[in-house]
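Please read the structure below before turning to the comments.
The values are calculated or read from the model by the stated rules, or taken from the named source; none is laboratory data. In this text the structure is predicted, and so the values were computed from the model without any measurement. Note: ideal-geometry Cβ built from the backbone for every residue, glycine included; neighbour counts use all protein chains shown. Side chains included, ligands, DNA and RNA excluded: accessible areas come from the protein's heavy atoms. Shrake-Rupley method; radii C 1.70, N 1.55, O 1.52, S 1.80 Å.
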Amino acid sequence: MGFLDLEGVRKVYGANTVVRNFNLSIQRGEFISFLGPSGCGKTTTLRMIAGFEIPSAGTIRIDGRDVTELKPNQRNVGMVFQSYALFPNLTVAENVAFGLKVARRPKDEIARRVAEMLAIVKLPELGDRYPYQLSGGQQQRVALARALAVKPTVLLLDEPLSALDAKIRISLREEIRSLQRELDITTVYVTHDQEEALSMSDRIVVMSDGRVEQIGTPFEVYNYPATRFVASFVGTLNILDARIVDPASGRVVIDGQEVIAGRGVNGAGVGEVRPMALRPEAITLDGGNGDRNRMQGTIEEVAFLGAVVRIRVRFGENAVLLDTFNNPGVAPPPRGSRAEVSFGRDDLLLLQDSAAD
Amino acid sequence: MSREAELAVVAPVARSGGRRSWAWLGITPFFLFTVLFLILPTLDLVVGAFQTPDGSFTLDNIARLNQPTIVSAYWISIQVSVASALLGALAGFVIAYAVVLGKLPRPLRPFVTTFSGVASQFAGIPLAFAFLATLGPTGLVTALLDQYAGINLRALGFNLLSFWGLTITYLYFQIPLMVLILMPALDGLRKEWREAAAILGATPWQYWRHVAFPVLWPSLLGATILLFANAFGAVATAYALTGSSLNIVPILLYAQIRGDVLHDPHLGYALALGMILITGLANVGYIWLRQRGERWIK
Ligand SMILES: Nc1ncnc2c1ncn2[C@@H]1O[C@H](COP(=O)(O)OP(=O)(O)OP(=O)(O)O)[C@@H](O)[C@H]1O
Ligand SMILES: [Mg+2]
């Protein structure tokens, strides 16, 4: 059992099931991201942990205590909202002090804690300002300080950076992560930005249409997507339809060219056509050396992205995107020319169907 | 970081300073209208209050305000206005709260909005007769209550042509007006504030005390003052309802300017000046209170 457990949690609105059978066990101090497209149920799940929504079924436990039906103000959970949600009529210091004030902590303790929190989020001098006098990034730091001031057992963040511009987003991302490590606070972070999830999390929960598609480290989720959905949502991934020739040895045929999936295609039957995943960065625009899969195709598109040149090679029904580094000495191949590509045998992965309910 | 914020706060002000805009042209009709129908008549009235009928300067009109009938008229007017404003504000707040934040069925809202829009404008002679016809001495409700419920309003001390009668009649448009003003204000309370407060451990009461009420305060106050002014200036309803049986300023004023026996327009001007001053004072009080309650807005 973890520190924060969700067991068989589901949420139904009328005839609409928006979260189905959600199971997750989060360790103390772990940073977990919920990643998925709009409407997949990330916020709803987070709000059930916060207590704003009551699950239609299932149990939520924090540190062994069943909190499923507790009110938000009885859970000692911290939350940071996308829209900051600072109280406009209170100064920065009063905002940070709010949780301590309603808990009737002594004045000097509140003052000390507020100063400490403002120092932690690097806004020690702005205590007397009102929220409207702060930039978006500053407001979100204050919101973070406010949530952490009451020493919550779990910190929940719902797309906290998506209203900010790119530069601040990246610096604040790193700050939140290092603060989280420093305080060793169990954290659930909702985002639809895969880069954010990949760069910050200990583990990622990839969600789609109310269900968990995969739970894994960023490395696992990115390199070994479990389902077609994960493969297409996380990173840019080539998905190829392959006809299975021999499940045991991993031999498959793509557009008439036989290749080998080094990890096997167990679970697929002979003659079946199944989706397989192949990362752009795993493909090179030459034959390569040793035991590699090699395929012949036609250059269909060349996109010069700066340091990287992205090339689409078509085999027949299937095409792949591949990335090569820009080389000032060598012009990219012209469109329409024939090309050989190669990729490691282990890089070609069989995708599972999405889990049923 | 803090430097950035300062720039962000200062920048829009600096920018809008030097620009000439065609937008001025658009609001010219408004200014013209204001000057012609508000500023000029007010000036005329102020000047008239200090003139004798032949046009020379005098303080006599003002001095004549200090007679028992007029002083008590002001006093009753203020009382009726305050009572109907406060009661209207309270009831309006409860209704607006129920409609916006309560868990009532959705279709109720447009219904309440439409009804309030109509009712808040339903004043003057039609309103007075509507009330006479229902709650008046021979009104329908009065009769029904008497006949079937055995409640004799008159015996209970209720008289529509009295202070409370007028107050209740005013409430008919005061409450809907408050509802109309407060619904958007309550909409402005963001759901996230309530949730942020809750997750920080606050009870609903603590949230209202520390966040929602302070945020609403300027709107509540402004709306109540508006209600006060609304009642204070309402002459037609009062006149049609009570005739001269209730001594309030608008009726007294009306009597001076409409040209019968009492005809004394310059005393009328002075009466009106007094009303303008009282309304103005209420507004000054409002601005003062509002600034105290609103330091967090620019
Ligand atoms: N109160 C509600 N009543 C009915 N349906 C709701 C309610 N709240 C959410 N939903 C539905 O539940 C689904 C999941 O919503 P949710 O807000 O959890 O998505 P999300 O993953 O957070 O999406 P986004 O990235 O857009 O924030 C959506 O289809 C939404 O329409
Ligand atoms: Mg969401």
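For chain B, the calculated P(r), taken from all Cα-Cα distances in 10 Å bins from zero up to the bin holding the longest distance, is 5, 19, 25, 24, 17, 7, 2, 0 percent. Interface between chains B and A: roughly 2700 Å² of accessible area buried, both sides summed (probe 1.4 Å, protein heavy atoms only). For a quick check of your reading of the filter: which trypsin sites (Lys or Arg not before Pro) in the stretch B:116-216 sit in a DSSP loop and have no more than 14 other Cβ atoms within 10 Å? Passing sites in the stretch B:116-216 are B:154. The 1.4 Å probe gives accessible areas that order A:325, A:304, A:31, A:233, largest first, as A:325, A:304, A:233, A:31. The residues of the stretch A:136-168 listed by number as losing at least 50 Å² of accessible area in the complex, against the isolated chain and with a 1.4 Å probe, are A:138.
Taking the Cα atoms of the stretch A:163-234, the ratio Rg/Rh between the radius of gyration and the Kirkwood radius comes to 0.99.
Note on residue A:42: accessible area is roughly 10 Å² with a 1.4 Å probe, heavy atoms of protein only.
Accessible surface comparison of B:181, A:32, probe 1.4 Å, protein chains only, largest first: the order is B:181, A:32. Solvent exposure of residue A:209, expressed as accessible area, is near 80 Å², computed with a probe of 1.4 Å over the protein chains only.
Find how many whole Å separate the alpha carbon centroid of the stretch B:62-94 from the alpha carbon centroid of the stretch A:1-46. Cα centres, the stretch A:1-46 to the stretch B:62-94: 59 Å. On a 0 to 90 degree scale, rounded to 10, what angle separates helix A:107-120 from the longest Cα axis of chain A? In chain A, helix A:107-120 runs at an angle near 20 degrees to the longest axis. This model, with +1 at the C-beta of Lys and Arg and -1 at the C-beta of Asp and Glu, gives the protein assembly as shown a dipole about its Cα centre of some 960 debye. With Cα atoms defining each centre, the stretch B:182-222 and the stretch A:220-245 are spaced 47 Å apart in the structure. Cross-link partners for residue B:191 among the aspartates and glutamates, with Cα-Cα distance under 19 Å and sequence neighbours closer than 8 places in the same chain left out: A:53, A:158, A:159. Using just the helices of chain B, give the 222 nm mean residue ellipticity in deg cm²/dmol: DSSP H runs with n ≥ 4 each add -39,500 (n - 2.57), and the total is spread over all residues, rounded to 500. Only helices count here, giving -22500 deg cm²/dmol. Counted as membrane-span-like here are DSSP H helices of chain B whose alpha-carbon atoms extend 30 Å or more along the helix's own axis and whose Kyte-Doolittle mean is 0.5 or above; these are B:68-100, B:163-187, B:265-293.
The accessible surface of the stretch B:67-297, taken with every protein chain in place and a 1.4 Å probe, is 70 percent carbon and sulfur.
For chain A, adding -39500 (n - 2.57) for each run of n ≥ 4 DSSP H residues and dividing by the number of residues yields -7000 deg cm²/dmol at 222 nm. The solvent-accessible area of residue B:219, taken with every protein chain present and a 1.4 Å probe, is close to 40 Å². Just so you know, the averaged projected area of the alpha carbon convex hull for the stretch A:222-356 sits at 8.4 nm².
Normalising the Debye intensity of chain A to I(0), with uniform scatterers on Cα atoms only, and taking log10 at q = 0.15 Å⁻¹ returns -1.19. Here the label points at residue B:164 and residue A:116, each 7 Å from Cα along the C-beta direction, are separated by 5.9 nm in the simple model. Projecting the Cα atoms of B:40, A:142, A:339 onto the dipole axis of the protein assembly as shown, where Lys and Arg carry +1 and Asp and Glu carry -1 at the beta carbon, places B:40 farthest toward the positive end. For chain A, the longest principal axis of the C-alpha atoms and the axis of helix A:136-149 are separated by about 60°.
Mind jotting down a quarter of the surface of the convex hull over the alpha carbons of the protein assembly as shown, in square nanometres, one decimal?
45.7 nm²
Solvent-accessible area per residue in the stretch B:67-297 equals 50 Å², computed with a 1.4 angstrom probe and all protein chains kept. Seen from a random direction on average, the alpha-carbon convex hull of the stretch A:1-150 projects onto 10.2 square nanometres. In the stretch A:86-125, burial by the other protein chains removes 50 Å² or more of accessible area from A:87, A:88, A:89, A:98, A:102, compared with the chain on its own (1.4 Å probe, ligands and nucleic acids ignored). If only the Cβ of Lys and Arg carry +1 and only the Cβ of Asp and Glu carry -1, the dipole of the stretch B:67-297 around its Cα centre is close to 680 debye. Measuring nothing but how far apart in sequence close Cα pairs (under 8 Å, 6+ apart) lie, relative to its length, chain A scores a relative contact order of 15 percent.
Percent of alpha carbon pairs in the stretch A:1-63 separated by more than 17 Å?
Result: 36 percent of Cα pairs exceed 17 Å.
Summary value for chain B: 28 percent relative contact order, contacts being C-alpha pairs under 8 angstrom separated by 6+ residues.
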